[in-house]
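Shown next, in structure tokens, is the structure this report addresses.
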Amino acid sequence: MTALVFPAAAATTLAIVGTALRFPVRRVFCMGRNYAWTEAERQPGTQHAFPAFFMKPADAVVPAAGCLAYPRLSADFCPEIELVVALGKDGADIAPQDAHGHVWGYGAGLDLTRRDLQAQAKQQGLPWEAAKAFDASAPVSALLPASAIGHPQAGAIWLKVNGQERQRADLADQLWSVPDLISTLSRAVTLRAGDLLFTGTPAGVAALQPGDVVEGGIDGLQHFSLSIGSR
Ligand code: MN
């Protein structure tokens, strides 16, 4: 047995609908928005560059429930509703037609963003970590196994704040499909069982205030509700 200087942290795990088994999270990859945000981007024949990808630490993943702390260092804290893909099989250079075979299941999640820090980073040409990778910045619903629900390619994805709708699109509106995202990403890094893929957010992102109630979901998958704590 390997002797450690202190106990290794327990793996982050996610609940799975219909079983007491949990999904062990390995890494978190996030894709840029991946939906058309402007009229120009909606024009047929428009070429869309592969979305920027960035990461969050695995322990930023928390259940999408309860009260979420308003993060430090920010006064512009935004939720982005996203389809979360949970991988169940390792692979590099995965062909698009093989990509679904690497998916264990799906959930709905929030890519939480300190938008003011992101704007600063963009302006200064700096990395996005401060904006994207912070404590509890990746709430995710319970997962549904692909063995039970298949691979959803359509279905409303939406976010409400205090009962008012802010974001609504359909999974079918994704500029890059889940197989294309997996395939392209797997050419840059070897993907691993346990990796989560946040697949980008529709238009309508806006800041949260302490006390806000955030509801989100993907029809046919999971819905969730959480509140925002004080600053
Ligand atoms: Mn996002």
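Computed from the coordinates by the stated procedures, all read-outs in this text should not be read as laboratory data. What you are looking at is a predicted structure, and each value in this text was computed from that prediction instead of being measured. Counting neighbours? That spans all protein chains shown, and the Cβs are built from the backbone with ideal geometry, glycine included.
Ranking A131, A95, A108 by Cα position along the charge dipole of the stretch 89-142, where only Lys, Arg, Asp and Glu carry charges on their C-beta atoms, puts A131 farthest toward the positive end. Rg/Rh for the stretch 1-93 stands at 1.04; both radii use Cα atoms, and Rh follows the Kirkwood definition. Debye-formula intensities of the chain, expressed as log10 I(q)/I(0) at q = 0.07, 0.08, 0.18 Å⁻¹, are -0.21, -0.28, -1.48 (one equal scatterer per alpha-carbon, no solvent). When the Gaussian network model of the chain links Cα atoms closer than 10 Å, the mean-square fluctuations of Q164, Q118, Q174 top out at Q164.
For the chain, a Gaussian network of Cα nodes joined below 10 Å ranks S74, S186, S147 by mean-square fluctuation, and the top entry is S147.
How big is D, in µm² s⁻¹, for the stretch 40-80 by Stokes-Einstein at 37 °C and 0.692 mPa s if Rh is the Kirkwood radius over C-alpha pairs? Don't jump to the answer; show the numbers that get you there.
On the way: Rh = 14.5 Å.
It diffuses with D of about 227 µm²/s by this estimate.
Which parts of the stretch 39-72 would a label at A136 reach, counting a residue when its backbone N lies under 15 Å from a point 7 Å out along Cα-to-Cβ? Inside the label zone: 59-72. Once the C-beta distance of D173 and A65 is scaled by a Förster radius of 22 Å, the resulting FRET efficiency is 0.25 to the nearest 0.05.
Extension gain, A95 to A49, is 14.7 nm, computed as 0.36 nm per intervening residue step minus the present C-alpha separation.
Here r is the Cβ-Cβ distance between A119 and V189 and R0 is 25 Å; the resulting FRET efficiency, rounded to 0.05, is 0.35. Ordered by the count of other Cβ atoms within 10 Å of each Cβ, fewest first, Y35, Y106, Y70 give Y70, Y35, Y106. Between A40 and F6, the modelled label-to-label distance comes to 5.0 nm, taking each label 7 Å out from Cα in the direction of the beta carbon. Ordering W104, W37 by the number of other Cβ atoms within 10 Å of each residue's own Cβ, fewest first, gives W37, W104.
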